[in-house]
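Worksheet: one structure, shown below.
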Amino acid sequence: MILSYCSFLSVAQSVSSTEERLGKLEAQMDQQVSTITNLQSQVNAVIKQNLALKEALFLQPTISEFKTDELIYKLHEAVGDSTSGTVKVYMTVTNTSPEDIDNYQWESLKFMDENGVQNKSFSDYEVSVGVNNDGFHLNSLYAGAPTQLILTLMNIDKNAQYLKILEGKVFKDSRIVNGTFTDFERSFIMRNIPIKWK
């Protein structure tokens, strides 16, 4: 009788021990499932970014400089604010002519991301010349001196990895040169500009 009670106690302890181990294993599995789900989400984000970058490799390289008749536009970087969906494009424009320009004025700005989404309206962007001046009013560009341009693009898709097209339309200058009426182009176009989201 005592022997059978000891056997029963031993079996009961074994069952209790097995249940504890099963409970611990289930808790570990739940933790591992949670970790795997988190890692899968991170992997999916990296895959999406890599696919966009891979597609960009097959495109023309980023144009970081554009020359017109009397100006050189240089792209420095495009920085996105992931909270607001605003992208600031930092550039400089240098007047390469021997004289100061006092009638530099923007007409419009067009942009499009790699998914083909374009700016919808005039209110989707701002242009500042020399940091504090509105690009849509008359501005001065001093000969041989780079002037800072900040293009603020609004309502950009926060998943966009780059700007496919950035086209700055600037009013031409027309004047008589050597007895001939001549137009001086001032507009530019740049492509495949990577966005650094912060």
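The values are calculated or read from the model by the stated rules, or taken from the named source; none is laboratory data. What you see is a predicted model, and the numbers here were worked out from it, not measured in a lab. We place every Cβ from the backbone using ideal geometry, glycine too, and count neighbours over all the protein chains shown. Only protein heavy atoms, including side chains, enter the accessible area calculation; ligands, DNA and RNA are left aside. Shrake-Rupley method; radii C 1.70, N 1.55, O 1.52, S 1.80 Å.
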Go through (1) open to solvent by 10 Å² or more (accessible area, probe 1.4 Å); (2) without any contact (Cβ under 8 Å) to a residue 60 or more places away in the chain; (3) of a type outside the set (S, T, N, Q); (4) touching a strand residue (DSSP E or B) at 6+ places or on another chain (Cβ under 6 Å) one by one and return the number of the condition residue 135 breaks. (1)
Filtered residues of the range 82-91 (kept if surrounded by fewer than 15 Cβ atoms within 10 Å (Cβ to Cβ) and at pLDDT 95 or above): 90
Checked 157, 134, 124, 100 against criteria (charged (D, E, K, R), in contact with a Phe, Trp or Tyr (Cβ under 8 Å, 6 or more places away or on another chain) and modelled with pLDDT of 90 or more); the one match is 100
Matching residues in the range 93-136 - criterion: being in a loop (DSSP other than H, G, I, E, B) and within 20 Å of residue 72 (Cα to Cα): 96, 97, 98, 99, 100, 105, 130, 131, 135, 136
Residue selected from the range 146-198 under the condition buried (at least 18 other Cβ atoms within 10 Å of the Cβ) and among the hydroxyl-bearing types (Ser, Thr, Tyr), by the criterion farthest from residue 121 (Cα to Cα): 147
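Restricting to the range 66-80, and then to whatever is surrounded by 14 or more Cβ atoms within 10 Å (Cβ to Cβ) and either touching a helix residue (DSSP H, G or I) at 6+ places or on another chain (Cβ under 7 Å) or of a type outside the set (A, V, I, L, M, F, W, C) (or both), can you tell me which residue is farthest from residue 171 (Cα to Cα)?
In this case the residue turns out to be 80.
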Being touching a Pro at 6+ places or on another chain (Cβ under 9 Å), touching a residue at least 40 places away in the same chain (Cβ under 8 Å) and not in a loop (DSSP other than H, G, I, E, B): is that true of residue 163 here? yes
